[in-house]
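The structure appears below as structure tokens.
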Amino acid sequence: SAVISQKPSRDICQRGTSLTIQCQVDSQVTMMFWYRQQPGQSLTLIATANQGSEATYESGFVIDKFPISRPNLTFSTLTVSNMSPEDSSIYLCSVGAASTIFGYTFGSGTRLTVV
Amino acid sequence: GDSVTQMEGPVTLSEEAFLTINCTYTATGYPSLFWYVQYPGEGLQLLLKATKADDKGSNKGFEATYRKETTSFHLEKGSVQVSDSAVYFCALSTSNTGKLIFGQGTTLQVKP
């Protein structure tokens, strides 16, 4: 399966600031996915990042708040903008497909605390 | 819309007990079904998957069978160990675009 390196692994940020999370994959992939896991809750898809086109956002998530870059087939970033304490979550990137033997692989996550 | 419902936790079992974590889904089309596990302090790992009706996924002694007639994908293990203590997530994907829809997660605690 693909190996995903995600950083930072954790950060504590001041409200009103922004944080950029990086996701590097060891192989070329068409789509990369960004999820949020709020404290004690399940994972929710934020957006799908395709190389060469704008990201596709899920309902409830907007580009101004969560801008995404996808400069090539192995790398993506997610920025959490103008943060508030409600943004405190674990953010994860993922690659893969249902049809492959490994399904979807996830990065180790970025644990964000906004104070 | 598509959704996944898991039995509520936490589930507390003694070592060597039988485990069942219920998972049912609602989906249009024919979803692929997954169980992911999140061990304490670690990332999300694929435990097993099934891509069509009547398929059985299995791994590390865990099994789940894709039941289209009951829209279920219950996770079972015959004899749990302390090391199985984790949060288990049932999930589905209805297309190859990669959108995974997760259940709320079930925390399993196994006591010696």
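Here, each number is a calculation from the coordinates, and none is a lab measurement. Owing to the predicted nature of the structure, the values given are computational and were not obtained by experimental measurement. Virtual Cβ from ideal backbone geometry, glycine too; neighbours counted across all protein chains shown.
Quick query: amide H of B:Ala17 versus all other amide H atoms, modeled in the peptide plane; which residues come in under 5 Å with a sequence gap of 5 or more or a different chain?
B:Val80
Quickly work out the A:Gln38-to-B:Thr28 label distance, labels modelled 7 Å from Cα along the C-beta direction, and quote it in nm with one decimal.
Here the answer is 2.6 nm between the modelled labels.
Please report A:Ser94, B:Ser83 as a ranked list, fewest other C-beta atoms within 10 angstrom at the top and most at the bottom.
The order, fewest Cβ neighbours first, is B:Ser83, A:Ser94.
Can you check what the net charge comes to around B:Ser83, using other residues whose Cβ is under 10 Å from the Cβ of B:Ser83 (Lys, Arg +1; Asp, Glu -1)?
Result for the local shell: -1.
Give me a single rounded figure for A:99-106: the average over its residues of other chain Cβ atoms within 10 Å of their Cβ.
The mean count of partner-chain Cβ atoms within 10 Å per residue comes to 6.
Beta carbons within 10 angstrom, averaged per residue: use that to sort the peptides B:3-12, A:45-54, A:3-12, highest first.
Highest-to-lowest ranking by the protection proxy: A:45-54, B:3-12, A:3-12.
Which cross-chain or sequence-distant (5 or more) residues have an amide H under 5 Å from the amide H of B:Val11, H modelled 1.01 Å from N in plane?
Sorted by chain and number, the residues that satisfy this are B:Thr107, B:Leu108, B:Gln109.
Determine, for A:Arg70, A:Arg15, the number of other Cβ atoms within 10 Å of each Cβ, and report the residues in order from fewest to most.
Ordered by Cβ neighbours within 10 Å, fewest first: A:Arg15, A:Arg70.
Residues of the range B:1-24 with the amide nitrogen closer than 17 Å to a label point 7 Å from the Cα of B:Gln109, along Cα-to-Cβ, please.
B:8-17
To the nearest 20 Debye, how big is the dipole of chain B about its Cα centre, given +1 on the beta carbon of each Lys and Arg and -1 on that of each Asp and Glu?
240 debye
What cysteines in chain A have no other cysteine with a beta carbon less than 4.7 Å from their beta carbon?
By the Cβ distance rule, which asks for a partner under 4.7 Å, the isolated cysteines are A:Cys13.
Over all residues in A:42-51, what is the mean tally of Cβ atoms on other chains that come within 10 Å of each residue's Cβ?
3
Restricting to Cα pairs below 8 Å that are 6+ residues apart, what does the relative contact order work out to for chain B? Please round to a whole percent.
For chain B, the relative contact order is 37 percent.
Among B:Phe18, B:Ser3, B:Ser95, which residue has its Cα positioned farthest towards the positive end of the charge dipole of the protein assembly as shown, with +1 placed on the Cβ of Lys and Arg, -1 on the Cβ of Asp and Glu, and the dipole taken about the Cα centre?
B:Ser95
Please arrange A:Ser69, A:Ser27 by counting, for each residue, the other beta carbons lying within 10 Å of its beta carbon, fewest first.
Ranking A:Ser69, A:Ser27 by Cβ neighbours within 10 Å, fewest first, gives A:Ser27, A:Ser69.
Report the relative contact order of chain A, percent, no decimals, based on alpha-carbon pairs under 8 angstrom and at least 6 residues apart.
Taking the mean separation of contacting Cα pairs over the length of chain A, I get 37 percent.
Report the charge-dipole magnitude of the range A:10-115 in Debye, nearest 20, computed about the Cα centre from +1 at each Lys and Arg Cβ and -1 at each Asp and Glu Cβ.
160 debye
Mind putting a number on the dipole of the protein assembly as shown about its Cα centre? Charges go on the C-beta only, +1 for Lys and Arg and -1 for Asp and Glu, and I need it in Debye to the nearest 20.
So the magnitude is around 260 debye.
Out of residues 5 or more away from B:Ser85 or on other chains, whose amide H comes under 5 Å of its own, with H placed 1.01 Å from N in the peptide plane?
B:Val110
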